[in-house]
Amino acid sequence: MKIGIYGGTFNPPHLGHLTAAAAVIATLKLDKLLLIPASIPPHKDLPAGSATAEQRLEMTRMAGEQLGLGSKVETLDMEVRRAGKSFTSDTLAELKAQFPEDELWLLMGTDMFLSFEKWYSPEVIAKEATLVVAHRAEDDRSALEEQARRLRERFGAKVVWLENAFLPYSSTSVRAMLAFGCGKDYLAPMVYEEICRRRLYYVGHDLKNLPFEELSRVSLSLHNPKRVPHAQGCSRTAETLAKRFGAELRSR
């Protein structure tokens, strides 16, 4: 049996995730796809206002049902149940013990693939699963091919390509849209209803009247993490210029 593994924070799970899931099932002719939300992602901190691990697990289960593939798509709570950080090597070891005779195929995006050597126990991951790299046509294919060559030589990795499987938006952008009253069209209906019911991702909150410090924390949580230092730098520069030219500094 061919089993696909799709992990991540799913914060929240959106239609881009579902597009990738459907593509990997169809392209690789998988018998089953496992959606596995992380409890504590090892490579990044969850931003302020994130859903809990249990809430992300439930929303991921709802999103998986949206694919309409029945038992072919299953959402597992193994990383939510596990104490500590959600290392992929631990997950694969557990799955290999459960499915010793089956093939495991691990889906990832290009950023994660290009940083694969920095993962915890990459040699274990490369041994237990084929790496399925979902990329877009405009990605630097030469850099990806060079990385594949290095991983084959160093870890004996098996790498296959999945082209144009992701829609051009992220959980970060979806969270930002939700906070400002949109984003519904980027989510499965049941997931959007759950977000509204639980008032997740600042949905239904009065952001305009928050104290400045709290509004600042909310704003930064909605940025792409790579852009946070830039946004903070712009804020400090604006404050410096205001003081220099005698402008009034306001707390909100």
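Nothing in this text is a laboratory measurement; each read-out follows from the coordinates by a stated rule. All of these numbers come straight from a predicted model, not from anything done at the bench. A quick note on method: Cβ atoms are made from the backbone with ideal geometry, for glycine too, and the neighbour counts reach across all protein chains shown.
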Which residues in region 98-142 have a backbone N closer than 16 Å to a point placed 7 Å from the Cα of Asn164 along the Cα-to-Cβ line?
134-141
What is the distance, in nm, between label points placed 7 Å from the Cα along the Cα-to-Cβ direction at Glu193 and at Tyr120?
3.7 nm
Given a cut-off of 28 Å, name the pairs among Lys72/Lys184; Lys85/Lys184; Lys29/Lys96; Lys29/Lys184; Lys44/Lys158; Lys158/Lys184 whose C-alpha atoms lie farther apart than that in the structure shown.
Lys85/Lys184; Lys29/Lys184; Lys158/Lys184
Using the beta-carbon distance between Ala22 and Thr237 and R0 = 41 Å, what value does 1/(1 + (r/R0)^6) give for FRET efficiency, to the nearest 0.05?
0.40
Quick one: check the C-alpha center-to-center distance for region 37-89 versus region 126-157, whole angstrom.
25 Å
Among 161-169, 187-195, how do they line up from the highest to the lowest mean number of other beta-carbon atoms within 10 Å?
187-195, 161-169
On a straight-distance basis, which aspartates and glutamates could pair with Lys32 in a cross-link, Cα separation under 17 angstrom, same-chain partners fewer than 8 positions away excluded?
Glu65, Glu74, Asp77, Glu94, Glu101, Asp102, Glu103, Glu128
Could you list log10 I(q)/I(0) for region 40-137 at q = 0.21 Å⁻¹, which the Debye formula gives when each Cα is one point scatterer?
-1.44
Collect residues whose amide H, placed 1.01 Å from N in the peptide plane, falls under 5 Å from the amide H of Ser86; neighbours closer than 5 in sequence don't count.
Ser39, Ile40
